[in-house]
Amino acid sequence: MKNLIIIGARGFGRELACWAETCRGYGSEFRLKGFLDDNTAALDGYDVELPILGAPQTYAIEKDDVFVCALGDAKWKKHFAEMIASQGGEFLTLVHERAIIGKRVQMGKGCIVLADATLTTDIRLGDFVTVQPKANIGHDVMIGNYAHINACGFLGGFAAIGEGVTIHTNAQVVPGKKVGDWATVGAGSIVLRNVKPHTTVFGIPATEL
């Protein structure tokens, strides 16, 4: 039995602590151990049973520890995932029991796929990709490392999502379009043209801010 430690005890971390109990393998392959957060007061005012075990920078990894990174900011997710990995930490991929996963869907390490997300077929997720509830990912979509697909996001067939991309709530990328590395697509936006790396786009159609 592995002991799952959630990196980040803020909003998404608390959400993930709840979701994890309904993910595949909970209670048979892993159990929850606690959080890592450099803010020791992050859980003050919340009735959360799991403890903050320490800061990611100083935590001593123990036998049977595995990790998942509950950070909504892709840059910070990359920072702390690399920090723990450099110390020998292993990452678990969490898939909610209500997620729909089709055939030939490949997922890297440290991915999170939450309730009612749909991944159809022939999809590849890199490492540390987060797919929030009710996101819909079409056939032949490629998603780079550290990308974050928020709730109700839609990625059409053959869309290509680069490393560190954030697709905000209810945003859509139409089939075949590319979103470059570390770009951001604003909430409710519709991407009709390729998005350049390191840019933020918003609106219908999505245009660079």
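The values are calculated or read from the model by the stated rules, or taken from the named source; none is laboratory data. As the structure is a computational prediction, the values presented were derived from the model and not from experiment. Glycine also receives a Cβ, built like all others from the backbone with ideal geometry; neighbour counts cover every protein chain displayed.
Laid out as a table, the results:
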read-out	value
Subset of region 21-72 [of a type outside the set (Gly, Ala, Ser) and free of Cβ contacts under 8 Å to residues at least 12 places away in the same chain]	Glu21, Tyr26, Asp44, Asp47, Glu49, Thr58, Lys63
Answer from Lys103, Lys75 - the residue that is over 19 Å from Phe12 (Cβ atoms) and either in contact (Cβ under 8 Å) with a residue 40 or more places away in the chain or not polar (S, T, N, Q) (or both)	Lys103
Tally of residues being assigned to a loop (DSSP other than H, G, I, E, B) and either among the hydroxyl-bearing types (Ser, Thr, Tyr) or outside the structural domain of Ile84 (by TED's automatic domain parsing) (or both) across region 25-57	3
Out of Phe128, Phe158, sole residue that is in contact with a Pro (Cβ under 8 Å, 6 or more places away or on another chain) and within 22 Å of Gly180 (Cβ to Cβ)	Phe158
Residue in region 183-199 that is surrounded by fewer than 18 Cβ atoms within 10 Å (Cβ to Cβ) and in contact with an Asp or Glu (Cβ under 6 Å, 6 or more places away or on another chain) present	yes
Count - residues of region 129-178 that are touching a residue at least 40 places away in the same chain (Cβ under 8 Å) and over 23 Å from Arg98 (Cβ atoms)	5
Any hit, region 148-155, residues being farther than 29 Å from Arg14 by Cα and of a type in the set (S, T, N, Q)	no
Residue match in region 138-157 (condition: acidic (Asp, Glu), under 17 Å from the mean Cα position of the chain (by Cα) and not in a strand (DSSP E or B))	no
